[in-house]
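The values are calculated or read from the model by the stated rules, or taken from the named source; none is laboratory data. Just so we're clear, the structure is a prediction, and the values are computed from it rather than from any experiment. Every residue, glycine among them, receives a Cβ derived from its backbone with ideal geometry; neighbour counts consider all protein chains shown. These accessible areas exclude ligands, DNA and RNA; they are computed on the full protein's heavy atoms, side chains included. Shrake-Rupley method; radii C 1.70, N 1.55, O 1.52, S 1.80 Å.
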Amino acid sequence: MAEDSRRWFVVPAPVRALFKLFPLRIYDLEPLPYRSPDALRPRPALYIFAEHEHDGDDTDRPSFNPSCLKYQTILRIAGVDVDIVPSNNHASPSGALPFLLPPGQNARPLTGAKMLQYARDHASREIPDVSSPRLEAYRSLLTQSIRPAWLHTLYLNDQNAPLLARFYLPTSPLISLPLHHTLRAAATAEILKTTPHASTSSSPSLLPPPEHLLADARSALEALSTLLGSDDWFLGAANPGPFDAEVFAYTWLILDPHLDWRDDGLGRCLLEFENLVAHRERLYRRCWGEKAALSLDDPQVGKQQQ
């Protein structure tokens, strides 16, 4: 009986011969990716929504997402050099981008106000700490008037659907279709939370008409234009600060020619206020430099350089 049981566990000769060939080849160990948390990096890494450069040249363009662009700009205002890592919400510890991973193996990701504090602590250029009782009121113009119009323009306006697909949707229709519905539902819910027509329902039929959203955005831009006046930076500061970055995060994208807006209603509103357009260009050139400004302001220049 014992002899029979041993036969069951005898490996056939062909199989034994096959396994004697393994491993066929032992490859040299590869280093961990540079973005790996276990890899020592000399600079902090900023994880944001960003387009991958097909030519491999990291031009470090402004993010196409306003929340990401805000902190990307703040870090540049402070003179903090970071490595840009194109990412998505699934990679974020908080479930949303952006986040900053300081150098070092035991570093913990930073989000929100902690990123601003990191920028202040490691700044090579001063970030003005401007406090004003008016600041929160003007900041609410961005969140309650300009952002809803932005969300509708990008996520709910069918004319700009190609741009939404380019930024946030995978190429597979099996995945992109349900994700598209999810993004539209989330945008609808956020608009309803920040407008006077707020409702517990997320039905698109309860949204304010697009022309009302644009009118509110225009009124907000007019108020910001009045606040800026003839100054270079908001609230009369000598240098740009966080609020300048917050405004820039929308004004840059609204007029960015690389985004190829099919419906540019927000852009037409912004162009009415020359000082906001000048502020946009001024801050971009300060943070990204003259050479980058030339190639980004004129898409034809970028094509000629390729």
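Tabulated results
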quantity	calculated
In region 238-258, the residues that are assigned to a helix (DSSP H, G or I), of a type in the set (A, V, I, L, M) and either touching a Gly at 6+ places or on another chain (Cβ under 7 Å) or open to solvent by 10 Å² or more (accessible area, probe 1.4 Å) (or both)	254
Residue that is most open to solvent (accessible area, probe 1.4 Å), among those in region 69-114 that are in a helix (DSSP H, G or I) and within 22 Å of residue 168 (Cβ to Cβ)	90
Any hit, region 210-219, residues being in a helix (DSSP H, G or I), modelled with pLDDT of 95 or more and touching a Lys or Arg at 6+ places or on another chain (Cβ under 6 Å)	no
Criterion (under 25 Å from residue 168 (Cβ atoms) and modelled with pLDDT under 95) met by exactly one of 28, 58	58
Residue 37 vs. criteria under 18 Å from residue 111 (Cα atoms), modelled with pLDDT under 90, not basic (Lys, Arg) and not assigned by the TED database to the domain that holds residue 94	yes
Subset of region 102-126 (residues that are within 26 Å of residue 236 (Cβ to Cβ) and at pLDDT below 90)	126
Matching residues in region 118-151 - criterion: being open to solvent by 30 Å² or more (accessible area, probe 1.4 Å), under 30 Å from residue 217 (Cα atoms) and in a helix (DSSP H, G or I)	136, 137, 138, 139, 140, 141, 143, 144, 147
Filter pass, residue 192 being surrounded by 15 or more Cβ atoms within 10 Å (Cβ to Cβ), more than 20 Å from the chain's Cα centre (by Cα), in contact (Cβ under 8 Å) with a residue 12 or more places away in the chain and not assigned by the TED database to the domain that holds residue 228	no
